[in-house]
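One structure is given below, encoded as C-alpha cells.
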Amino acid sequence: MDNRELEQKWESLSLKVDRLFFSIKACLLSLIFFLSVSNIFIALSISNFNRIYSDILPGKPLPLLTTTVFSLRSQLVILAICWPLVAIACALLRQKASVSLLVFIALLIFIVTQVMLTWLALYLPLMSVFQGMAGPEN
C-alpha cells in the first residue's frame, strides 16, 4: 500500500466516524428536547400544585422537598428553559464531537434529575393524602 491508498482509507474512515458522531448527537439532541418539554410543563405546573395542596391540606406542613420546590418555582422554570438552549448552542458551535457528546450527556443527567426531583416533590403530599384515606389501620 502506498501513501495515497492509506490517505483514501483514512478519509473514508474519518467520514464514517463523523457520520456516526452526527447520528449519536442527533439522537441525544432529540432526547434532550423531548425531556425538556416535559420538564418545562412540570415546572410550569408547580403553582397549580401549590394551590391544590393549600386547599386539600390547609395548615398541614408539607415535606421539605415540596416546600423547596414551591419556593424555587421561578428558578426551576428558568432552568427548564435554559437546558435546551444550551443544547442548541452546543450543537451549533464547531467543536470536537467528544466535547459535544459529553455536554449532551451532562445535560441529559441534569434534566432527568430536575424532572425526577420536581415530580417527586409535587407528588409527595398526595401520597400522605392517600395514606390518610386508607385509614389508621394501615
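Just so you know, all these numbers are worked out from the coordinates, no wet-lab data involved. It should be emphasised that the depicted structure is a prediction, and the values quoted were computed from it without experimental measurement. Backbone-built Cβ (ideal geometry, glycine too); neighbour counts: all protein chains shown.
For Rg and Dmax of the Cα atoms in Å, pick the label among [x] 17.1, 57; [y] 22.9, 84; [z] 16.9, 54 that corresponds to the value derived from the coordinates.
So the structure-derived entry is [y].
Given Cβ point charges of +1 (Lys, Arg) and -1 (Asp, Glu) and nothing else, what value in debye, to the nearest 20, does the dipole of the chain about its Cα centre take?
220 debye
Sorted by average packing, counted as other Cβ atoms within 10 angstrom per residue and highest first, what order do 93-106, 63-76 take?
Per-residue Cβ counts within 10 Å, averaged per peptide and sorted highest first, yield 63-76, 93-106.
Give the angle, between 0 and 90 degrees and rounded to the nearest 10, that separates the Cα long axis of helix 46-56 from the longest principal axis of the Cα atoms of the chain.
20 degrees
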